[in-house]
1. Averaging over all projection directions, find the projected area of the Cα convex hull of region 22-75 and quote it in nm² with one decimal place.
2. What is the magnitude of the charge dipole of region 22-75 about its Cα centre, with +1 placed on the Cβ of each Lys and Arg, -1 on the Cβ of each Asp and Glu, and no other charges, expressed in debye to the nearest 20?
Amino acid sequence: MRKLLIAGAIVGGLIVPAAAQTVTEYYVVRNPETKRCTIVTERPTATTTVIVGDRGYKTRTEAEGGLKTTKICTSD
């Protein structure tokens with residue numbers, strides 16, 4: 001019984017940190033007034049910004065690539 005509890009604690013200790021990791025997505029957003037694009041880590045809900053493209057990017061590098069290839073805005 002003691003071995004079972006120790007094994008359970010070890011497995012639980014390994015699973016909890018893996019489950020706690022959050023997936024960060026990056027979004028290229030455009031301010032309609034300034035026509036400038038920026039990269040943000042949270043999906044914007046305000047109507048003052050527009051998401052460029054139809055998806056979020058998994059890495060900041062991908063988002064920067066998407067920012068460079070878009071033609072609807074200028075980057076900072």
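Rule-based calculations on the coordinates, nothing more; no lab input. Note that this is a predicted model, so its numbers are computed, not measured. All Cβ positions, glycine included, derive from the backbone under ideal geometry; neighbour counts span all protein chains shown.
1. Numbers: hull surface 14.1 nm².
Averaged projected area of region 22-75's Cα convex hull equals 3.5 nm².
2. Numbers: 9 positive and 6 negative charges, 33 e Å.
With Lys and Arg at +1 and Asp and Glu at -1, about 160 debye.
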